[in-house]
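The values are calculated or read from the model by the stated rules, or taken from the named source; none is laboratory data. Note that the coordinates shown come from a computational prediction; the quantities given were computed from them, not determined experimentally. All Cβ positions, even for glycine, are placed from backbone atoms using ideal geometry, and neighbour counts span all protein chains on display. Quick note on the areas: whole protein, heavy atoms, side chains included, nothing else; ligands and nucleic acids left out. Shrake-Rupley method; radii C 1.70, N 1.55, O 1.52, S 1.80 Å.
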Amino acid sequence: MKTEKKRVGILASGRGSNLQALVEAQKRGELGGEVVVVFSNVEGAAALDRARRAGIPTVFRDHRGRRRDEFDAEVVQILNAHGVCLVCLAGYMRLLSPGFIRAFDGRILNVHPALLPAFPGLHAQRQALEHGAKVSGATVHLVDSGLDSGPIVLQEAVKVLPDDTEDTLSARILEAEHRIYPRAVRALLEGRCRVEGRRVVVEGE
Ligand code: GRF
């Protein structure tokens, strides 16, 4: 019997290195699903080029001048039209509206370049350096209506070195992001994540 692949949609606004990590994990048979669409709100995003090179359908819509709820409703429609069951934010530089979160409740993941709840928001690596943190890292979490506030699925710590700059720290954190994001997606798609309030129990991790 043929088992249906779990269908993943990726939302990205920029470089797309996490998207690439997810696609490569899929090629190795380690994603637990298939990336079926990549959506971007930035026409020239490198993420879209990477997706096209991998033969994945892409959709671009400009958010400028549109109401957030109305724009998000269209994005939800696009994801539904592709039969998406899990949404992965990969450098998607927009807050999701409550309607979007309701539509994919518990089925939206994000990757963040710090050990949440430390340093949410923009420039997390710079925040860690400026704070004098000795350890930072990467977090994959479920998305709720707050800013980087949803239940944590996986984290990996990265040491902050005395001579680190924002660039060197970001580069090492990015490697950690690329390791944990595919593992988190796979765990969720294989039904190995159990959410208990704020806590996500991940079997086999
Ligand atoms: C990553 O650092 C991610 O943690 C943050 O945005 C950046 C996206 O990078 N949310 P990329 O586009 O995946 O290369």
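In the chain, a dipole from Cβ-located charges (positive for Lys and Arg, negative for Asp and Glu) runs towards its positive end, and of 142, 157, 174 it is 142 whose Cα lies farthest in that direction.
Relative to the longest principal axis of the Cα atoms of the chain, the long axis of helix 17-27 lies at roughly 60 degrees. A simple packing score, the average count of other Cβ atoms within 10 Å per residue, orders the peptides 113-119, 29-35, 197-203, 166-172 as 113-119, 29-35, 166-172, 197-203, with the highest score first. Shape analysis of the stretch 60-114 places it in the oblate category; the axes a ≥ b ≥ c from the Cα gyration tensor give an a/c of at least 1.5, with a/b not above b/c. For the stretch 91-205, the fraction of 1.4 Å probe accessible surface lying on carbon and sulfur atoms is 54 percent. Normalised by the number of residues in the chain, the mean separation of alpha-carbon contacts (under 8 Å, six or more apart) gives a relative contact order of 20 percent.
For the stretch 1-62, a simple Cβ point-charge model (Lys and Arg +1, Asp and Glu -1, everything else neutral) yields a dipole of about 200 debye relative to the Cα centre. Summing charges over all other residues whose Cβ lies under 15 Å from the Cβ of residue 130, with Lys and Arg as +1 and Asp and Glu as -1, gives -1. The slack in the chain from residue 156 to residue 102, taken as 0.36 nm per residue of separation less the alpha-carbon distance, amounts to 16.6 nm. About its Cα centre, the dipole of the chain is roughly 480 debye, where the only charges are +1 on Lys and Arg Cβ and -1 on Asp and Glu Cβ. Length available on full extension from residue 123 to residue 147: 0.36 nm per residue minus the Cα-Cα distance, which gives 7.3 nm.
Only one residue of 96, 115, 85 has its Cα farthest out toward the positive end of the dipole of the chain, where Lys and Arg carry +1 and Asp and Glu -1 on Cβ, and that residue is 85. Once the Cβ-Cβ distance of residue 165 and residue 4 is raised to the sixth power relative to R0 = 35 Å, the FRET efficiency obtained is 0.15.
With R₀ set to 22 Å, the beta-carbon distance separating residue 194 from residue 80 gives a calculated FRET efficiency near 0.30.
Which whole number in µm²/s is D for the chain by Stokes-Einstein, with the Kirkwood Rh taken over Cα pairs at 4 °C and 1.567 mPa s?
It comes out at roughly 75 µm²/s.
The angle between the Cα long axis of helix 68-81 and the longest principal axis of the Cα atoms of the chain comes to about 60 degrees, rounded to the nearest 10.
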